[in-house]
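Data block below; observations after.
The values are calculated or read from the model by the stated rules, or taken from the named source; none is laboratory data. All of these numbers come straight from a predicted model, not from anything done at the bench. Every residue, glycine as well, gets a Cβ built from its backbone with ideal geometry; the counts of neighbours run over all protein chains shown.
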Amino acid sequence: MSRNPADLPRPEAALIAAHRFGLGEPDLQRVGPDPVGWLRAQIGPAAPQRGERLASGAEGARRFAEFLRDQRGRLAARPQAASPGQEGGDGTPGPAMRTDMRTDMRSAEQQFGEHFRAIVQSDVRARLVTAATSEQPFNERLAWFWANHFTVSMAKASARGIVGAFEREAIRPHIGGSFEALLKAAVKHAGMLRYLDNDQSAGPQSPLVRRLARRRRAEGAPGPRLTGLNENLAREVLELHTLGAPGLERGGAAYGGWGGYTQADVTEFARVLTGWRVPLRELLAEGDGREPTRFDAAWHDPGTKTVLGRRYREGPEALGEVLGDLARHPSTARFVAWKLARHFVADDPPAELVVPLAEAFLRSGGDLPTVYRALIDAPLAWSAAPRKLKTPEEFVVSTARLLSLGERAFARQPDGGCATLGQRVQAAPSPAGWPDRAEEWLGPDALWKRVEWATRVAALVGRQVDARAIARASLGPRLGEETARQLDRAADGAQALALLLMAPEFQRR
């Protein structure tokens, strides 16, 4: 049942503002007398993350280039001759050589992890500490939402060391502006270009490919591998970042539909994207001073391109023009509105909520604060029943906020235990990001891991807090009679806190 947020009793409105739109509060009094105003006041660019010596995108890319250079040096210095028993009679590796190769591979993986360990740990800790201590939790939730929408994941080696910088440089400064500005910042960032392989995409008729082709014919030998057109970034921008996949939720028919592009559009857009690169060799020579993203005309496919029926000239300006048109497309408005409503309100948001958000998006030209205000002003967003299940990351951070642990929650483990709960921070499994539906996090093993984690936290701090008092102050009118009775009957403080953390009222938002 939908209710006008202005007509809700203040404790109930504060509860929804704190838990559904925010990251939880130890006391609902922190929300203040005007919960809707509390949320509105948080709309804008995200605050700087809390952390020391956080790496820039240029530094992260340079560190990757350094690793590749050092690995080549180690390989070049390695003796080439095979000792007896290492090489098979037909020239293939024998058992001993295969063992050495496996050993080398494990060693390289370990070296790779060590090379980026300090950057990765600092990035993860900064993200979680900032959220756990923020006075603007709704703003942090929006930053998380957009970082997941425009996923760059360190699960892929080429993005290691640059994911945190991507969030700080491309996402956080732009969540309070236009969707077009956010889209352009995300797509052109070095993290996105490396994660979705645009670094290695060259136009079939580009000067680079034509030069390599001539060299191959002149030498009459196999020659260097010709770099081809890579469509990964083009496809994901269309499918995941703007227009939406036509098959997803039946193309959003209930909300007016989305998608509307073809394979030809993907290919043409990939041609537009050729030349946008992060040249690692140049970064090594220049250091951290320059922006790592460059447009390299030698890799760019010449000629006009046609995307969604519109023609674009060759050159670097075309990318901004295509992204601007995508940002203003009606399918983009509907798809983004649906994702926002799904994230904050319900796994299957009603069309009566999504359509007004899409209309606000189109009317304002993609002004994100206008869309956020439409969301928090919508009566359907303030239904009493909590429908969303907290992801492991939300569970960990909301626990840290509930117990006022601050940075202590991430002193021993930078991720606070998120990985043990099934969600490696900044390491989503695919460009689609982390799933945003309860069913994806409700398996028996996942629930048992939550119980184990909650029990460990309760054993550490349960005797230092009054779980019963915290439950009343944080959950207010949502605290059910059965949960309150279980807390009162708990054998000790640790058991009471574990029960509170696993209570449905705290697990859902």
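Can you list the helices (runs of 4 or more DSSP H) found entirely within region 427-509 that contain at least 1 residues being touching an Asp or Glu at 6+ places or on another chain (Cβ under 8 Å)?
Filter on region 427-509 gives 467-475, 481-489, 493-502.
Name every residue in region 14-27 that is outside any loop (DSSP other than H, G, I, E, B) and either in contact with a His (Cβ under 9 Å, 6 or more places away or on another chain) or crowded, with 24+ Cβ neighbours inside 10 Å (or both), in order of residue number.
Result: Ala14, Leu15, Ile16, Ala17, Ala18, His19, Phe21.
Look at region 377-431 and say how many of its residues are within 24 Å of Leu196 (Cβ to Cβ) and of a type in the set (Asp, Glu).
Result for region 377-431: 1.
Residue by residue, here is whether (1) assigned by TED's automatic domain parsing to the domain that holds Arg334; (2) under 27 Å from Glu52 (Cα atoms); (3) crowded, with 16+ Cβ neighbours inside 10 Å holds:
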residue: Gly366; (1), (2), (3): yes, no, yes
residue: Val371; (1), (2), (3): yes, no, yes
residue: Val396; (1), (2), (3): no, yes, yes
residue: Leu402; (1), (2), (3): no, yes, yes
residue: Leu405; (1), (2), (3): no, yes, yes
residue: Glu440; (1), (2), (3): no, no, no
residue: Pro444; (1), (2), (3): no, no, no
residue: Thr455; (1), (2), (3): no, no, yes
residue: Ala459; (1), (2), (3): no, no, no
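Could you check, for region 102-122, whether at least one of its residues is at pLDDT 95 or above and more than 26 Å from Arg72 (Cβ to Cβ)?
Checking region 102-122: at least one residue is at pLDDT 95 or above and more than 26 Å from Arg72 (Cβ to Cβ).
Does region 345-366 contain any residue that is touching a strand residue (DSSP E or B) at 6+ places or on another chain (Cβ under 7 Å), touching a residue at least 40 places away in the same chain (Cβ under 8 Å) and in a helix (DSSP H, G or I)?
Taking every residue of region 345-366 in turn, none turns out to be touching a strand residue (DSSP E or B) at 6+ places or on another chain (Cβ under 7 Å), touching a residue at least 40 places away in the same chain (Cβ under 8 Å) and in a helix (DSSP H, G or I).
Within the group Phe335, Phe344, which residue is within 30 Å of Asp265 (Cα to Cα) and within 22 Å of the chain's Cα centre (by Cα)? Step through it out loud before you land on a result.
Details: Phe344 fails: within 30 Å of Asp265 (Cα to Cα).
Criteria check complete, one pass: Phe335.
State yes or no: is Ala143 among the small types (Gly, Ala, Ser), part of a helix (DSSP H, G or I) and either at pLDDT 95 or above or farther than 23 Å from Arg30 by Cβ (or both)?
Values: among the small types (Gly, Ala, Ser): yes; part of a helix (DSSP H, G or I): yes; either at pLDDT 95 or above or farther than 23 Å from Arg30 by Cβ (or both): yes.
Criteria met by Ala143.
Within region 250-259, is there a residue that is modelled with pLDDT of 90 or more and in contact with a Leu (Cβ under 9 Å, 6 or more places away or on another chain)?
Checking region 250-259: at least one residue is modelled with pLDDT of 90 or more and in contact with a Leu (Cβ under 9 Å, 6 or more places away or on another chain).
What residue, of Gly462, Gly422, Gly417, is within 30 Å of Val187 (Cα to Cα) and of a type outside the set (A, V, I, L, M, F, W, C)?
Being within 30 Å of Val187 (Cα to Cα) and of a type outside the set (A, V, I, L, M, F, W, C) holds for just one of Gly462, Gly422, Gly417, which is Gly422.
Does at least one position in region 416-434 carry a residue that is surrounded by fewer than 19 Cβ atoms within 10 Å (Cβ to Cβ), more than 24 Å from Lys156 (Cβ to Cβ) and not assigned by TED's automatic domain parsing to the domain that holds Gly244?
Within region 416-434, none of the residues are surrounded by fewer than 19 Cβ atoms within 10 Å (Cβ to Cβ), more than 24 Å from Lys156 (Cβ to Cβ) and not assigned by TED's automatic domain parsing to the domain that holds Gly244.
Take the conditions crowded, with 17+ Cβ neighbours inside 10 Å and touching a residue at least 24 places away in the same chain (Cβ under 8 Å) and apply them to Ala490. Does it pass?
Values: crowded, with 17+ Cβ neighbours inside 10 Å: yes; touching a residue at least 24 places away in the same chain (Cβ under 8 Å): no.
Considered against the rule, which asks whether it is crowded, with 17+ Cβ neighbours inside 10 Å and touching a residue at least 24 places away in the same chain (Cβ under 8 Å), Ala490 comes out as no.
Considering (1) among the hydroxyl-bearing types (Ser, Thr, Tyr); (2) in contact (Cβ under 8 Å) with a residue 24 or more places away in the chain; (3) under 25 Å from His241 (Cβ atoms), say which one Thr370 fails and leave the rest.
Single failed check for Thr370: (2).
Of everything in region 305-344, what is touching a residue at least 40 places away in the same chain (Cβ under 8 Å) and of a type in the set (D, E, K, R)? Give them in sequence order.
Answer for region 305-344, where residues must be touching a residue at least 40 places away in the same chain (Cβ under 8 Å) and of a type in the set (D, E, K, R): Arg328, Arg334, Lys339, Arg342.
When Gly73 is evaluated against the numbered criteria (1) touching a residue at least 12 places away in the same chain (Cβ under 8 Å); (2) over 27 Å from Thr370 (Cβ atoms); (3) part of a helix (DSSP H, G or I), which criterion, by number, is the only one it fails?
Going through (1) touching a residue at least 12 places away in the same chain (Cβ under 8 Å); (2) over 27 Å from Thr370 (Cβ atoms); (3) part of a helix (DSSP H, G or I) one by one, Gly73 breaks only (1).
Restricting attention to region 376-394, which residues are under 21 Å from the mean Cα position of the chain (by Cα) and surrounded by fewer than 21 Cβ atoms within 10 Å (Cβ to Cβ)?
The answer is Lys388, Leu389.
Please state which of the following conditions Gly161 fails to meet, knowing it meets all the rest: (1) assigned to a helix (DSSP H, G or I); (2) in contact with a helix residue (DSSP H, G or I) (Cβ under 8 Å, 6 or more places away or on another chain); (3) not β-branched (Val, Ile, Thr).
(1)
Checking Gly223 against (1) at pLDDT below 95; (2) surrounded by fewer than 18 Cβ atoms within 10 Å (Cβ to Cβ); (3) assigned to a helix (DSSP H, G or I), which test does it fail?
Of the numbered conditions (1) at pLDDT below 95; (2) surrounded by fewer than 18 Cβ atoms within 10 Å (Cβ to Cβ); (3) assigned to a helix (DSSP H, G or I), the odd one out for Gly223 is (3).
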